[in-house]
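Let me begin by presenting the structure, written as structure tokens, before commenting on it.
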Amino acid sequence: MLPEVLIGFGIFVGYYAIAASSLLMIRACLKPPKELFRKLLHVACFMSVLVLLHAFDTWYLAMLTAIIFALALYPVITYIERFPKVMEMLIQRKSGEIKSSLVIVFFMMAMLIAIFWGWLGEQWKYIITVSVMAWGFGDAAAALVGKAFGRNSIKHPWVDGAKTMEGAIAMCAVSAVVILLTLMLYTTLPWYLCMAGAMLVAPISAVVELISHHGMDTITVPFATAIPIFSLMILFSFMGV
């Protein structure tokens, strides 16, 4: 067990070291717009779930790695916050945003791992990938498209902040594509059932993202994707697909 923990944790830390170095080089050389760079950080973060799912053979070690990494990272970022230039480079919108967001992301991954790998069994492990990828890429698309092309604001008491119709459509479309591709990659379902699942679940993800407040879409959207996908897979199984 100890060798697996050390190897897995080392791979996880190594992933972040490579990702951080690469992003800093991109920022220094290409100087991308701030919002784009912010979303590249977001992509690097949620893609690390693939390391957790493939670097470990046991669910509880993957889950514990996510939790320990989050707890270890919190005081590190708290210290780094003393240096405004560093935090400006990370494009933090408000004080404490990055460390709280990272803790939420890793605990979300830990919960998904505990449920869809630990509790339900390894055969449902792919649902973690489907739900995190749909949320991650969908949320990035919503933010980028909404800020660049958003013209039609969504005014509703349940909607959090300045959300736009263009951003919501982008979230729905990108989530649908990601769900389709991941289901085709990780399951043996025919493409048309994968597409049906994507078309049914992506709008749910987009609506939940709209009504999730204070950054809680990091938890609500992955679960709003995972639960319907799981339900559909059970239904398809009963149908003998």
| field | Members of region 5-49 found to be surrounded by 14 or more Cβ atoms within 10 Å (Cβ to Cβ) and of a type in the set (D, E, K, R), listed by number | value | 27, 35, 38, 39
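Does at least one position in region 153-169 carry a residue that is hydroxyl-bearing (Ser, Thr, Tyr), in contact with a strand residue (DSSP E or B) (Cβ under 8 Å, 6 or more places away or on another chain) and without any contact (Cβ under 8 Å) to a residue 24 or more places away in the chain?
The first filter runs over region 153-169 and keeps only residues hydroxyl-bearing (Ser, Thr, Tyr), leaving 153, 164.
Right, trim to in contact with a strand residue (DSSP E or B) (Cβ under 8 Å, 6 or more places away or on another chain) and you get 153, 164.
Then keep just the ones that are without any contact (Cβ under 8 Å) to a residue 24 or more places away in the chain; that gives 153, 164.
Yes; the residues of region 153-169 include at least one that is hydroxyl-bearing (Ser, Thr, Tyr), in contact with a strand residue (DSSP E or B) (Cβ under 8 Å, 6 or more places away or on another chain) and without any contact (Cβ under 8 Å) to a residue 24 or more places away in the chain.
Yes or no: residue 183 crowded, with 18+ Cβ neighbours inside 10 Å, in the same structural domain as residue 36 (by TED's automatic domain parsing) and out of contact with any strand residue (DSSP E or B) (no Cβ under 9 Å at 6 or more places or on another chain)? Don't jump to the end; show me each part of the working.
Values: crowded, with 18+ Cβ neighbours inside 10 Å: yes; in the same structural domain as residue 36 (by TED's automatic domain parsing): no; out of contact with any strand residue (DSSP E or B) (no Cβ under 9 Å at 6 or more places or on another chain): yes.
No.
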| remark: residue 106 passes all but one of the listed conditions (1) in contact (Cβ under 8 Å) with a residue 60 or more places away in the chain; (2) surrounded by 21 or more Cβ atoms within 10 Å (Cβ to Cβ); (3) not aliphatic (A, V, I, L, M); the exception is number (1)
| remark: Among helices (runs of 4 or more DSSP H) completely within region 156-241, the ones holding 2 or more residues that are among the aromatic types (Phe, Trp, Tyr) are 191-211, 217-238
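Of everything in region 188-238 that's touching a Cys at 6+ places or on another chain (Cβ under 7 Å) and crowded, with 17+ Cβ neighbours inside 10 Å, which residue is nearest to residue 167 (Cα to Cα)? Can you show your working first?
First pass over region 188-238, keeping only residues touching a Cys at 6+ places or on another chain (Cβ under 7 Å): 202-203, 206.
Cutting the leftovers down to crowded, with 17+ Cβ neighbours inside 10 Å gives us 202, 206.
Details: 202: 14, 206: 9 Å.
This residue is 206.
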| task | Find the residue count for region 197-241, including only residues that are on the phi > 0 side of the Ramachandran plot and within 17 Å of the chain's Cα centre (by Cα). | result | 2
| said: Condition first: over 19 Å from residue 42 (Cβ atoms) and either surrounded by 19 or more Cβ atoms within 10 Å (Cβ to Cβ) or among the β-branched types (Val, Ile, Thr) (or both). Now tell me which residues in region 141-165 satisfy that. | reply: 154, 159
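The values are calculated or read from the model by the stated rules, or taken from the named source; none is laboratory data. These numbers were taken from a predicted model, which means no experiment stands behind them. Glycine also receives a Cβ, built like all others from the backbone with ideal geometry; neighbour counts cover every protein chain displayed.
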